[in-house]
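Everything on this sheet refers to the single structure shown next.
The values are calculated or read from the model by the stated rules, or taken from the named source; none is laboratory data. Keep in mind the model is a prediction, meaning the values are calculated, not measured. Glycine also receives a Cβ, built like all others from the backbone with ideal geometry; neighbour counts cover every protein chain displayed.
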Amino acid sequence: MSSIKVKIGKVVIGGGEPIAVQSMLKTDPHNIPSSLRQLRKLERSGCDLLRMAIPDELSLETFRYLKQRSSIPLIADIHFHPQLALKAIRAGADKVRINPGNIPKEGLKEILRVSKGKGIPLRVGFNSGSLAAKFRNIRPLWKGLLLAAEDFLNWVSRFDFSDLVFSLKASTIEDTVEAYRDFSQRFPFPLHLGLTEAGPIPEGVVKSTIALYSLLKEGIGDTVRISLTSPPEVEVQAAFSLLDSLGLRKKNLTLISCPTCGRAHSSLYPLIRMVRALENEAKNPMVVAVMGCEVNGPGEASHADFGISLTQKGAAIFKKGKIVKRVSLNEIPQELAKELKSG
Ligand code: SF4
């Protein structure tokens, strides 16, 4: 079933809009300078939507400060305290994420009333670990998630409020896929996809990819977060890689690189970072290769439109497998930038 559109600040999700990538601030919510630094990193990473936990009144100060400076729509993440949701909306929240399992109905009613008045959408998040008591022991677990979502929808139907996004997160792939699949067949609301407690790298990326791949392939999902025990910009990179692999994101530059081995002349990480930083400059679709040596690099990446192979003294630039130039490491960014602009 195609989903309805929901506007979160300048970003629209649902109804066939591009899938938005989101992440969450992981800094101390009372520390304004470090939260602002992380926000800036996320802006550079291309993150579309950003969530911040609001555990107490003091964090609202940080939220308000960031909201005034953020180019990314900010979502307030609220547990337990409806008053914090109301204050976050007044502080400029573009969306509020609530968990009906831990907010009393009276509080929810007030949040709906104020959100409706201000045109602020709500993400209603159901997590296998924090379902209301009556759904907690239902097996299979995904049925409990669905019944909780249905119960909320029955309750909310009397308030004429449909600016809703849903998530149904479990920590296993099967439960997550089944819950989202079933929900998407029956209800038209946009879905925020993700696994809960997915883990660190690589386990978290592998688990999330398997679950989200199945859903996205079926056209299910409007915004994604790859939750990882790692910096949030890594979550964004992982989400973009997943969308790229599925052809769900329009971008011109495709980066390939070798795994490196004993023949690599130095680390490829600085070059990879440099290429990523220029990613948005590509005018036309092109494949850029970053390879560790010139013995095998140009041959292994012979389909690349533009390649860089490290050499003993610097780097060899190659195109479609043929070396066309030798440059120093310092000259590589300008060579690539030239190619991206002319391509
Ligand atoms: S391109 Fe060179 S460094 Fe990279 S994996 Fe192949 S042989 Fe090793």
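Odds and ends about this structure:
- Enumeration of residues in region 291-310 that are in contact with a helix residue (DSSP H, G or I) (Cβ under 9 Å, 6 or more places away or on another chain), within 11 Å of the ligand (Cβ to nearest atom) and assigned to a loop (DSSP other than H, G, I, E, B): none
- Looking only at region 277-290, residues that are surrounded by 15 or more Cβ atoms within 10 Å (Cβ to Cβ) and assigned to a helix (DSSP H, G or I) come to 1 in all.
- Condition broken by Leu49, with the remaining ones in (1) of a type in the set (A, V, I, L, M); (2) touching a residue at least 60 places away in the same chain (Cβ under 8 Å); (3) farther than 17 Å from Phe166 by Cβ satisfied: (3)
- Picking from residues in region 256-275 that are free of Cβ contacts under 8 Å to residues at least 24 places away in the same chain and more than 14 Å from Ala301 (Cβ to Cβ), the one that is surrounded by the fewest Cβ atoms within 10 Å (Cβ to Cβ) is Gly262.
- Residue in region 17-27 that is charged (D, E, K, R), at negative phi and surrounded by fewer than 18 Cβ atoms within 10 Å (Cβ to Cβ) present: yes
- The condition of being closer than 21 Å to Gln38 by Cβ and either among the acidic types (Asp, Glu) or out of contact with any strand residue (DSSP E or B) (no Cβ under 8 Å at 6 or more places or on another chain) (or both) holds for only one of Ser171, Ser245, Ser214, Ser241, that being Ser241.
- Filtered residues of region 217-230 (kept if buried (at least 20 other Cβ atoms within 10 Å of the Cβ) and either among the aliphatic types (A, V, I, L, M) or over 15 Å from the mean Cα position of the chain (by Cα) (or both)): Val224, Ile226, Leu228
- Test: residue in region 185-201 that is among the small types (Gly, Ala, Ser), in contact with a His (Cβ under 7 Å, 6 or more places away or on another chain) and either surrounded by 15 or more Cβ atoms within 10 Å (Cβ to Cβ) or modelled with pLDDT under 95 (or both): no
- Residue list for region 112-154, filter: over 24 Å from Thr176 (Cβ atoms) and surrounded by fewer than 22 Cβ atoms within 10 Å (Cβ to Cβ): Leu112, Arg113, Val114, Lys116, Gly117, Lys118, Gly119
- Note on region 212-252: residues that are within 20 Å of Ser171 (Cα to Cα) and of a type in the set (Phe, Trp, Tyr) amount to 1.
- Per this entry, Ser23 is not counted among residues that are touching a strand residue (DSSP E or B) at 6+ places or on another chain (Cβ under 9 Å), more than 17 Å from Ala88 (Cα to Cα) and modelled with pLDDT under 95.
- Of the residues Lys41, Lys7, the single one that is in a strand (DSSP E or B), surrounded by fewer than 22 Cβ atoms within 10 Å (Cβ to Cβ), of a type outside the set (Ser, Thr, Tyr) and in contact (Cβ under 8 Å) with a residue 12 or more places away in the chain is Lys7.
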